[in-house]
Number of protein chains: 2
Amino acid sequence: MIGVFGANGFIGRRVVERLARSGEAVRAVSRHLDAQLVQRLSGKVDFVEASLADPIAMASSLVDVEIVVQLASTSSPGLGNKFNAADIRDNVIPHVEFLQACVMAGVERYVFISSGGTVYGPTTAIPIREDHPTNPISSHGLTKLTIEKYIQMHGHVDGLDYVILRLANAFGPGQTFRKGQGLIPAILERHRKGLPVQVVGDGSARRDYVFIDDVIEAIVSSIQAPRGQKQILNIGSGESRSVIEVLAGIEEALCQSITREHVVSRRTDVDTNQRDITRAGKVLNWRPRTRFNEGLVRMLKEDYPSFLDR
Amino acid sequence: MIGVFGANGFIGRRVVERLARSGEAVRAVSRHLDAQLVQRLSGKVDFVEASLADPIAMASSLVDVEIVVQLASTSSPGLGNKFNAADIRDNVIPHVEFLQACVMAGVERYVFISSGGTVYGPTTAIPIREDHPTNPISSHGLTKLTIEKYIQMHGHVDGLDYVILRLANAFGPGQTFRKGQGLIPAILERHRKGLPVQVVGDGSARRDYVFIDDVIEAIVSSIQAPRGQKQILNIGSGESRSVIEVLAGIEEALCQSITREHVVSRRTDVDTNQRDITRAGKVLNWRPRTRFNEGLVRMLKEDYPSFLDR
């Protein structure tokens with residue numbers, strides 16, 4: 001059985017649906033499960049409402065699980081470095097305890113979604129390969145890196161298989177603006193409300209935007225890869241786009257112009273972020289298949305159909 | 001003023017004495033202060049009994065401190081991976097909170113004693129340079145590495161100067177067997193009690209043993225180095241010795257033979273450990289000056305004079 005932890009998030013929901021559609025035995029675990037999701041997949045997925053911070057609930061949710069897909073996270077890149085100790089307490093410690101529970105439960109493989117945008121820190125080479133130094137400059141990046149290191153330790157000491165996916169900026173249908181994450185839903189949300197879009201600095205900061213279904217296929221390939229994996233892999237589109245270019249792409253998709261205002265820069269952001277995805281191609285036989293503009297249109301059709309009717 | 005935190009340990013005491021002898025203004029902070037140490041240095045050193053886990057006490061102990069030497073640690077390499085979450089809770093979190101307090105207090109430089117023996121993990125190249133991958137396989141190594149990463153983050157984001165010393169196995173006078181750390185005092189203690197010395201595996205595991213006063217001079221050089229340091233430096237003898245060779249060295253210094261017994265190997269140990277100390281030589285104009293046998297004799301004279309009388 002595949003256990004998906006953090007099953008109610010943007011990526012989690014889509015992973016669960018994709019696995020259920022393929023007829024896989026899936027247990028979907030989350031602190032809060034969405035009633036619609038549960039209803040839609042009832043009978044096909046074993047839903048468990050439990051928190052990563054509850055060791056007993058976690059241990060029981062691991063029964064019969066061979067492969068864990070870990071997406072649960074309490075930290076948020078937007079909060080900067082104001083809550084470093086709280087991030088460790090609420091995010092790293094429960095995760096480290098969960099890892100030990102996985103080892104004790106006999107889990108064979110651990111698929112972890114890490115942060116390609118924050119674990120590397122200031123870049124010394126572009127595009128960034130997986131062996132680039134990892135010196136995060138944000139609490140979010142540090143918690144992700146620390147968890148990566150604990151996973152690698154259990155890989156070495158306890159023989160746990162792992163695939164750590166250092167994910168670029170995923171976007172697509174189902175991405176909500178709730179948590180202050182995601183440039184594209186933030187732009188669409190401001191535009192929907194008739195507010196100007198806030199552009200940080202001069203809008204030249206480049207990110208790698210990868211379509212959600214390409215991410216899902218990378219996770220599925222990580223689940224299906226042969227035994228003996230100890231992998232850290234960049235997952236992204238392999239391209240980078242500035243905020244200004246993203247805005248232009250959205251304007252094109254909408255056939256509308258978007259008003260904007262410039263705001264001061266956040267300090268802990270890494271300015272350019274283009275990852276080398278060659279390794280994931282070799283190891284997982286995976287590559288991103290959705291072009292940026294195609295992904296945008298699919299997102300608009302599903303999440304903002306009214307925009308396209310205008 | 002120089003603040004020495006963890007001032008009551010093997011290294012801490014000797015740093016405090018060395019700095020006081022040079023006429024430096026020193027504040028010595030520890031959870032438990034030794035009455036003899038306090039008495040011997042009274043009037044020369046500002047002693048504060050306070051725990052790293054007490055944020056208010058730490059903030060007040062940082063008043064007027066420009067340079068922090070951080071030696072406090074609750075984790076122990078000998079405990080393996082049984083207490084991963086506790087190690088993070090009791091060691092990493094107080095340390096991360098302390099770092100933020102240092103930044104708020106305007107501390108200019110942070111000198112941190114890290115673990116050259118555990119932060120690198122399985123070695124891919126010998127001798128180990130500072131840019132070697134860091135994938136610890138013990139909880140102790142992971143806590144040290146995590147703290148290093150937080151220091152580097154504050155270096156980048158807040159402009160904090162830092163010198164991280166990745167220390168080999170320090171030995172010398174004042175090293176006690178209390179915590180189960182240190183091969184040489186362990187050997188001497190067993191021998192003193194008339195018990196056979198326990199040799200792990202076949203005794204071929206090599207470590208880099210550096211004399212305490214060479215370590216102290218590396219710390220003093222780190223304190224005195226010009227502004228603008230963002231350094232990670234290996235500190236060791238630059239040589240490695242097997243357990244069998246250490247035993248032979250002690251037998252030679254004592255002119256006595258030592259009985260031994262072989263026990264099974266601990267799993268999380270890294271087997272060979274020789275660090276490249278070139279960088280510390282360049283940055284700090286430092287080199288180890290005490291030969292292994294010379295250090296052993298000095299240790300025996302101070303801590304085990306009865307052995308030499310026989």
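The table that follows gives values for the structure above.
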quantity: Prolate/oblate/rounded call for segment A:188-309, Cα gyration tensor, a/c under 1.5 rounded; calculated: oblate
quantity: Exposure rule at most 16 other beta-carbon atoms within 10 Å, DSSP loop GluC sites (Glu not before Pro): chain B longest free segment; calculated: B:109-310
quantity: Least to most buried among A:T176, B:T146, B:T123 (fewest other Cβ within 10 Å first); calculated: A:T176, B:T123, B:T146
quantity: Segment A:87-156 and segment B:129-197: distance between their alpha carbon centers, rounded to Å; calculated: 23
quantity: Axis-nearest residue of A (beta carbon) for the A-onto-B rotation, whole Å; calculated: A:T146, 3
quantity: For B:R21, inter-copy label distances in nm, listed shortest first [label point 7 Å out on the Cα-Cβ vector]; calculated: 7.3
quantity: Cα-based helix-to-principal-axis angle, A:243-254 vs chain A, degrees rounded to 10; calculated: 80
quantity: FRET efficiency for A:E294 and A:F83, using Cβ-Cβ distance with R0 set to 41 Å, rounded to 0.05; calculated: 0.65
quantity: Within segment B:1-78, percent of DSSP bridges classed antiparallel, to nearest 5; calculated: 0
quantity: C-alpha long axis of helix A:212-224 to longest principal axis of chain A, angle in °; calculated: 20
quantity: Spacing of the two label points (7 Å from each Cα toward its C-beta) at B:L308 and B:V157, in nm; calculated: 5.1
quantity: Segment A:223-255: trypsin sites (Lys or Arg not before Pro) in DSSP loop, at most 12 other beta carbons within 10 Å; calculated: A:R227
quantity: Cβ-vector label at 7 Å, B:D202, separations to other copies in nm; calculated: 6.4
quantity: Considering only the protein assembly as shown, percent of DSSP beta bridges that pair antiparallel, nearest 5; calculated: 5
quantity: Cα-based Rg / Dmax (Å) for the protein assembly as shown; calculated: 27.1, 99
quantity: Extension reserve of the A:M104-A:I244 stretch, reckoned as 0.36 nm per residue once the Cα distance is removed; calculated: 45.5 nm
quantity: Likely footprinting exposure, A:M58, B:M1, fewest C-beta neighbours within 10 Å first; calculated: B:M1, A:M58
quantity: Residues A:R18 and B:R227, FRET efficiency given R0 of 60 Å [Cβ-Cβ distance, rounded to 0.05]; calculated: 0.65
quantity: Among beta bridges that DSSP assigns inside segment B:153-300, antiparallel share in %, nearest 5; calculated: 15
quantity: Loop-located trypsin sites (Lys or Arg not before Pro) in segment A:189-218, at most 16 other Cβ atoms within 10 Å (DSSP); calculated: A:K193
quantity: In degrees, nearest ten, helix A:292-303 long axis to first principal axis of chain A (Cα); calculated: 80
quantity: Shortest-first distances to equivalent copies, position B:R227, nm, label 7 Å out along Cβ; calculated: 6.0
quantity: Sorted by Cβ neighbour density within 10 Å, fewest at the top, the residues A:T124, B:T134; calculated: A:T124, B:T134
quantity: Relative contact order, percent, chain A [alpha-carbon distance under 8 Å, six or more residues apart]; calculated: 17
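Read the figures in this text as sums done on the coordinates, not as results from a lab. Values in this document were obtained by computation on a predicted structure and should not be read as measured data. Glycine gets a Cβ as well: all are built from the backbone with ideal geometry, and neighbour counts include every protein chain shown.
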